């Protein structure tokens, strides 16, 4: 029975995604497409509908449970049993040569597995070295991936391999939603009749693709367009040089779809909508020039000279007053610098308007086997739960037999073994163990600066909003969380590591601000909590999230607060704990102390403004 595919032309809306898919189909050099969107937005339906309009190019789908030998190929077991010789059996990737390779839920694949696959697709070839076989295979395919970011993200390195990026969103207009339901119900009731209704529209798209492919070879990129592409990528601060290449190839496909054999600046502008959004980076803001000596800010921990009574403090520019001085929270008086803080305790509200923040763990996967549950990170597991991804030679007793790999290992020797009593003779050295992977939650320890300087300009309100947004993500991914606050002279463990995200939010809601900034004590408390927890759970992969302006001005030992903080930060770096620093500093003259702490701790670094703008925090190991 042949399954009727939902017609490409029958899909309501999603014009941006349709356009990106057509660009990739017309020009494989455009780098494939990554389609990202929430569940139920027709991502898979859109991609599968391409099968009817791509002409000779077939759509090959990669199953999510595919093992390495299924994808890259392996031993031809039947030939080995019959002939006693090894022969290579091509996998899915080889069959996808010069075709379209579709990977649904691409974010759930292992990073190294996906990296090898994307490398093969980009270079057009890959080498297989396994089970006594060595061969080179062609794999020049166009990769189309779909993913729901709620179930995990891809690292920026993997996203950069895709030339085009298309975001899918649900249709919000009532008329569009009604039309979607009508078409789905009509398709489910009479699929053949429904497909016939859109056959002419589908054929028109198919002809457009065929004509565009024939025109593509005639389109030459002039020097002026190369210069324009370089300028656009430089302005977007796109890393590397893939962006320029993908931009020009996508523009060629756009021109071909328009029936032209020449490029226009408008082609590059449209291509930029698919190539640059995921690659854009904010320009690194340099520190402002030092002001004159009489206005120079005092170092943390030092008292500024007294302000004469008859001389009011200098007023900042009007634009700065509008941006930085809220209606409800006064700026600290001139005689009391922010870094010193205030002894008066205040409890800030939570900024409920702060956007949802996704914490993306872009960390290398290690070889340690872990147990547990959750949805955050892929890990190897020694249980019989999880996805079977590959096989290995067992060390000791076989607890989870990889039957397929065992048969492949035994197949070449069947001619030399006594098989009178059985179809295939298997010996102990043929046995292979399954290697499985599953998703587990992570452990996030939030270390929050609650000193007086955090109460200025409603910083603490924004901080609480940001941390609550991250806690919401932790709840969805079934992570464990802990909360430490530091102020005055000490650090306090408000919440030991637990799965109760709701309890963490309650502790945060009632957290007051006031006093000085004992940053070293906060980091030391974090080290103790993590060390104690790792003694109980050695499989734990913790992430330390430090939220501070970095203005350490006191320590329990009476020494230099900043020097002690940097010393403890260095200790954290040596432990290998993954960490991220969120800088709350919002003054006109920025000291950049939180960035210094992040560098010493080997942390990823974000400002509060970056988090509110980008809604995602990539937690990577900073090697600088």
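The values are calculated or read from the model by the stated rules, or taken from the named source; none is laboratory data. These figures come from a predicted structure and were not determined experimentally. Every residue, glycine as well, gets a Cβ built from its backbone with ideal geometry; the counts of neighbours run over all protein chains shown.
Does the range 489-502 contain any residue that is in the same structural domain as residue 563 (by TED's automatic domain parsing) and closer than 30 Å to residue 402 by Cβ? Spell out how you get there, then give the answer.
To start, the set of residues in the range 489-502 that are in the same structural domain as residue 563 (by TED's automatic domain parsing) comprises 489-502.
Retained after the next criterion (residues that are closer than 30 Å to residue 402 by Cβ): none.
Within the range 489-502, none of the residues are in the same structural domain as residue 563 (by TED's automatic domain parsing) and closer than 30 Å to residue 402 by Cβ.
Considering only the range 248-272, state which residues are free of Cβ contacts under 8 Å to residues at least 60 places away in the same chain, in a helix (DSSP H, G or I) and within 20 Å of residue 206 (Cα to Cα).
Result: 251, 255.
Can you list the strands (runs of 3 or more DSSP E) lying wholly within the range 92-142 that have 1 or more residues being touching a strand residue (DSSP E or B) at 6+ places or on another chain (Cβ under 9 Å) and under 30 Å from residue 431 (Cβ atoms)?
Details: elements: 100-103, 125-130, 133-138.
Hits in the range 92-142: 125-130, 133-138.
Kindly list, by first and then second residue, each pair from a residue in the range 198-213 that is more than 18 Å from residue 27 (Cα to Cα) to a residue that is in a helix (DSSP H, G or I), limited to pairs with Cβ atoms under 7 Å and residues at least 6 apart or on different chains.
Final answer for the pair search is 198/9; 198/10; 201/9; 202/8; 202/9; 202/52.
Out of (1) loosely packed, with under 14 Cβ neighbours inside 10 Å; (2) within 22 Å of the chain's Cα centre (by Cα); (3) modelled with pLDDT of 85 or more, the odd one out for residue 163 is which?
Answer for residue 163: the failing condition is (1).
Kindly establish whether residue 220 is over 30 Å from residue 156 (Cβ atoms), touching a residue at least 60 places away in the same chain (Cβ under 8 Å) and either in contact with a helix residue (DSSP H, G or I) (Cβ under 8 Å, 6 or more places away or on another chain) or exposed (fewer than 14 other Cβ atoms within 10 Å of the Cβ) (or both). Full working, then the answer.
On the way: over 30 Å from residue 156 (Cβ atoms): yes; touching a residue at least 60 places away in the same chain (Cβ under 8 Å): no; either in contact with a helix residue (DSSP H, G or I) (Cβ under 8 Å, 6 or more places away or on another chain) or exposed (fewer than 14 other Cβ atoms within 10 Å of the Cβ) (or both): yes.
Against the criterion (over 30 Å from residue 156 (Cβ atoms), touching a residue at least 60 places away in the same chain (Cβ under 8 Å) and either in contact with a helix residue (DSSP H, G or I) (Cβ under 8 Å, 6 or more places away or on another chain) or exposed (fewer than 14 other Cβ atoms within 10 Å of the Cβ) (or both)), residue 220 does not qualify.
May I ask you to verify whether residue 55 is closer than 30 Å to residue 199 by Cα, surrounded by fewer than 20 Cβ atoms within 10 Å (Cβ to Cβ) and more than 28 Å from the chain's Cα centre (by Cα)? Before the answer, list the steps.
Values: closer than 30 Å to residue 199 by Cα: yes; surrounded by fewer than 20 Cβ atoms within 10 Å (Cβ to Cβ): yes; more than 28 Å from the chain's Cα centre (by Cα): yes.
For residue 55, the condition - closer than 30 Å to residue 199 by Cα, surrounded by fewer than 20 Cβ atoms within 10 Å (Cβ to Cβ) and more than 28 Å from the chain's Cα centre (by Cα) - is met.
Name the pairs whose Cβ atoms lie under 6 Å apart, with the first residue in the range 134-158 and within 13 Å of residue 122 (Cα to Cα), the second at pLDDT 75 or above and surrounded by fewer than 15 Cβ atoms within 10 Å (Cβ to Cβ), and 6 or more positions between them or separate chains?
Once the first residue is within 13 Å of residue 122 (Cα to Cα) and sits in the range 134-158, its partners that are at pLDDT 75 or above and surrounded by fewer than 15 Cβ atoms within 10 Å (Cβ to Cβ) give 138/125; 140/98; 140/124.
What are the residues in the range 29-63 that are without any contact (Cβ under 8 Å) to a residue 60 or more places away in the chain and out of contact with any strand residue (DSSP E or B) (no Cβ under 8 Å at 6 or more places or on another chain), if any?
45, 49, 56, 63 - these are the residues of the range 29-63 that are without any contact (Cβ under 8 Å) to a residue 60 or more places away in the chain and out of contact with any strand residue (DSSP E or B) (no Cβ under 8 Å at 6 or more places or on another chain).
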